[in-house]
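> Below is a structure I'd like to ask you about.
The values are calculated or read from the model by the stated rules, or taken from the named source; none is laboratory data. No experiment lies behind these values; they were computed from the predicted model shown. Cβ coordinates were reconstructed from backbone atoms using ideal geometry, including for glycine residues, and neighbour counts include every protein chain displayed. Calculation scope for accessible area: heavy atoms of the full protein, side chains included, ligands and nucleic acids excluded. Shrake-Rupley method; radii C 1.70, N 1.55, O 1.52, S 1.80 Å.
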Amino acid sequence: RVILIKLADRAHNMETLEFIPPDKQKRVALETMEIYAPLASRLGISAIKTKLENLAFPYLYPKEYQWLKDNVEKRRQEARKYIDRARENLKDSLKKEGIEVVEIKARLKSYFSLYRKLLRYDMDFDRIHDLAAWRVVVKDVKTCYETLGSIHQHWRPLPGRIKDSIAFPKANAYQSLHTTVICEEGRIIEVQIRTPE
């Protein structure tokens, strides 16, 4: 309980960071990025981890943050529009296979997560395939694997881009199947398949 309260308190403090002196801003942001965000990640609270990283990012790396903001917004909007359009095709193909879907929603990669990935790929946006992704939620684990098979029947998967974190959960108990497929118009989309749990 104490850790959860500290994480919530830190998230609130980060939202008001602009009102404290610049030298303290950087110290608090660094502490947030190095201690609180990893702690939230370890506990499997990705919403708080992402929020903390995104709030600390502009204070720790202001130039990089501005560059990313200037260069990514149009791409994010285009990816969002495409993924929303193509979602209907995904729904229809799963329905034809008799797969019961709880929900399908689009997910945009957060700024800091995108920046970290761009560093690994020499700042090349063309190598980032999960700027936007589908999150497909189905009723149980068996249906997760059926959904993966159905998606691969309709769209060609990229080799080496299938991850099974259901059979091999991450340290923070994250469980999901990830695949990256070539969809309509040759667009590459990541799909995450999981249960509500």
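> What is the distance in Å between the Cα centroid of region 122-197 and that of region 75-112?
11
> If you roll a 1.4 angstrom probe over the protein chains with everything in place, what fraction of the accessible area of region 68-109 belongs to carbon and sulfur, to the nearest %? Don't skip to the end; give the middle numbers.
Numbers: 1060 of 2700 Å².
The computed percentage sits at 39.
> Here's a follow-up. Can you compute 3J(HN,Hα) from phi for each residue in region 111-126, using the Karplus curve 6.51 cos²θ - 1.76 cosθ + 1.60 with θ = phi - 60°, rounded to whole Hz and x for Gly and Pro?
Whole-Hz 3J(HN,Hα) from phi for region 111-126: 4, 5, 4, 5, 4, 4, 6, 4, 4, 6, 10, 6, 6, 9, 4, 5.
> Tell me the Kirkwood radius of the chain: reciprocal of the mean inverse pair distance over distinct alpha-carbon atoms, in Å. Each step should come with its number before you reach the end.
Values: mean 1/r = 0.0544 Å⁻¹.
Result for the chain, one decimal place: 18.4 Å.
> Okay, next question. If you put +1 on each Lys and Arg Cβ and -1 on each Asp and Glu Cβ, how big is the dipole of the chain around its Cα centre, in Debye rounded to 20?
200
> HN-Hα J couplings of region 180-197 from phi, Karplus 6.51/-1.76/1.60, θ = phi - 60°, integer Hz, Gly and Pro as x?
Listing the rounded values in order: 10, 10, 9, 9, 4, 6, x, 6, 9, 10, 8, 10, 10, 10, 7, 9, x, 5 Hz.
> Same structure, new question: Can you give the calculated 222 nm mean residue ellipticity of the chain, where each DSSP H run of n ≥ 4 adds -39,500 (n - 2.57) and the sum is split over every residue, rounded to the nearest 500 deg cm²/dmol?
-17000 deg cm²/dmol
> Now for a different question. Tell me, what is the per residue accessible area of the chain in Å², probe radius 1.4 Å? Kindly include the intermediate steps, with their values, before the conclusion.
On the way: 11500 Å² over 197 residues.
Here the per-residue accessible area is 58 Å².
> Taking the Cα atoms of region 111-197, what is the range of coordinates along each of the three principal axes, in descending order and whole Å?
Its Cα atoms span 38, 34, 20 Å along the three principal axes.
> Whole-Hz Karplus ³J(HN,Hα) for region 21-29, in order, using 6.51 cos²θ - 1.76 cosθ + 1.60 and θ = phi - 60°, x for Gly and Pro?
Values per residue, Gly and Pro as x: x, x, 5, 6, 4, 5, 5, 5, 5 Hz.
> Extension gain Tyr174-Asn71, at 0.36 nm per residue separation less the Cα-Cα distance, in nm?
Working: separation 103, 0.36 × 103 = 37.08 nm, distance 3.06 nm.
The Tyr174-Asn71 span can extend by a further 34.0 nm.
> Looking at region 1-68, what % of the alpha carbon pairs are farther apart than 21 Å?
On the way: 447 of 2278 pairs.
Here the tail beyond 21 Å accounts for 20 percent of pairs.
> With all distinct Cα pairs included, what does the Kirkwood hydrodynamic radius of region 36-146 come out to in Å, to one decimal, could you say? Mind showing how you got there, number by number?
On the way: mean 1/r = 0.0626 Å⁻¹.
By the Kirkwood definition, the hydrodynamic radius is 16.0 Å.
> Sticking with this structure for a sec: Could I have the simple spin-label model distance between Arg120 and Ile3, label points 7 Å from Cα toward Cβ, reported in nm to one decimal?
Here the answer is 2.4 nm between the modelled labels.
> Looking at region 90-182, which chymotrypsin sites (Phe, Trp or Tyr not before Pro) are in a loop (DSSP not H, G, I, E or B) and have at most 16 other Cβ atoms within 10 Å? Don't skip to the end; give the middle numbers.
On the way: sites: Tyr111, Phe112, Tyr115, Tyr121, Phe125, Trp134, Tyr145, Trp155, Tyr174; in loops: Tyr121, Trp155, Tyr174.
Answer in residue order: Tyr121, Tyr174.
> For the Cα atoms of the chain, what angle does the longest principal axis make with the long axis of helix 62-96, in degrees from 0 to 90, nearest 10?
For helix 62-96, the angle is close to 20 degrees.
> Next up: Suppose every Lys and Arg Cβ carries +1 and every Asp and Glu Cβ carries -1, with no other charges. What dipole size does region 88-197 come out with about its Cα centre, to the nearest 20 debye? Before the final figure, lay out each step's value.
Values: 19 positive and 16 negative charges, 66 e Å.
The dipole magnitude comes to about 320 debye.
> May I pose another question? What's the local net charge at Asp92, with K and R +1, D and E -1, over the other residues with C-beta under 13 Å away?
Details: positive: Arg85, Arg87, Lys91, Lys95, Lys96; negative: Glu88, Glu97, Glu184.
Spelling it out: positives minus negatives among the neighbours equals +2.
> Which pairs break 18 Å Cα to Cα here: Lys81/Lys105; Lys49/Lys109; Lys105/Lys139; Lys69/Lys117; Lys49/Lys139; Lys142/Lys163?
On the way: Lys81/Lys105 12 Å; Lys49/Lys109 13 Å; Lys105/Lys139 15 Å; Lys69/Lys117 15 Å; Lys49/Lys139 26 Å; Lys142/Lys163 16 Å.
Where the Cα-Cα span goes over 18 Å, the pairs concerned are Lys49/Lys139.
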